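Here is the structure we will look at, set down as structure tokens.
Any read-out appearing in this document is the output of simple, stated calculations on the displayed coordinates, not a laboratory observation. Remember, it's a predicted structure, so these values are computed and weren't measured experimentally. Here Cβ is always computed from backbone atoms with ideal geometry, including for glycine, and neighbour counts include all displayed protein chains.
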Amino acid sequence: MLVLVAGTAAAFAVAERLKLERSPLTAPRFDRLFSPVCDCETATARLRLRFRRAETVDAVIVDVKGEAVRTLVRGERIGIGDHVFAWDGRDDAGAVAADGRYRLRLRLVGERRTILIPTTVELDATPPEVALVRLVPAVFSPDGDGRRDRTKAIFRSGERGRAELLVDGETVVRGPSRPAGKAGLRWGGRIAGETVRAGIYRVSVRVRDAAGNLSEPAPSLPLEVRFIRLDEDSYTAEVGGTLTFGVDADAVTFGWALHRSRDGKAGRVILRGEAAPGEVGVPLPPDLGSGAYVLRVTANERRDRAQVAVTAAQP
């Protein structure tokens, strides 16, 4: 009985002494969120601690149940001061650990003491989900006239992250970090500092979450860049008749000119004028001979052209 009491008293004395001693470890600064599969700067978790005295240490990553996942070091001598343990998010078998929160457990070999650091690090290897909802407008003309100069991609993300707008697979806009839900990215029609040409482009969105995971691009939507466009590639009119053509443009007015054709290219100007977008009818003077001509239309320094065949009037 006396031996039991003495042993209990000794254990209590040791426990009380440990309570009064300053912890040999202090100032834990851990990367709180990372992804071992992101191929980015957050692919490795850095676990920084300050040692008040030199120690021989075993360092193990444990899950929320306290079960060992990865041994970082075993029997390593660590000096006084800051020390950083690095974890690549993999277990002892080399497989990526499951998403979740983890802690660092240290065994101080000399003191025969184990300390579980309460600070956690979260592993997230799952990329966010993203869907491109619509483009507003789906046809625009980035010509600087203040009319439909920009388009907006409306998308929905499953978690907080930074979205990227892709045009034909190339990232053209990177947005700020936004919470999960619906958001938008605007694009002014420029790539590498240059305004794109008229045509059809494929637009998509992807999102990088806070851990660094990058989603797959959402299924793309078509976007048309249109400055000014004739409704046909060629027109026919009779001498002394009316040349009718249609023009689509977001400008209030546009200029048109009818040129003589030189091997299919625009030569001397025969007629010119200004009109509003839509269907235009130009009366041809009786002295305008039959033959090949070129019609050119211009708005905000953007042009389109078509071939015109003027034929002799039918009797």
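Structure above, values below:
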read-out: Strands (runs of 3 or more DSSP E) (entirely within segment 217-315) containing at least 1 residues that are within 30 Å of Pro127 (Cβ to Cβ); value: 221-225
read-out: Flag if Arg202 is more than 30 Å from Glu301 (Cα to Cα), in contact with a strand residue (DSSP E or B) (Cβ under 8 Å, 6 or more places away or on another chain) and of a type in the set (D, E, K, R); value: no
read-out: Answer residue from segment 251-263, given it is over 18 Å from Glu301 (Cβ atoms) and out of contact with any strand residue (DSSP E or B) (no Cβ under 7 Å at 6 or more places or on another chain) and is surrounded by the fewest Cβ atoms within 10 Å (Cβ to Cβ) among those; value: Asp263
read-out: Residue identified as β-branched (Val, Ile, Thr), closer than 30 Å to Glu129 by Cα, touching a residue at least 24 places away in the same chain (Cβ under 8 Å) and surrounded by 14 or more Cβ atoms within 10 Å (Cβ to Cβ) among Val225, Val282; value: Val225
read-out: Residue list for segment 30-61, restricted to those being closer than 15 Å to Val121 by Cβ and among the basic types (Lys, Arg); value: Arg32, Arg46, Arg48
read-out: Positions within segment 33-88 being in a loop (DSSP other than H, G, I, E, B) and over 34 Å from the mean Cα position of the chain (by Cα), in sequence order; value: Arg52, Arg53, Ala54, Lys65, Gly66, Glu67, Gly79, Ile80
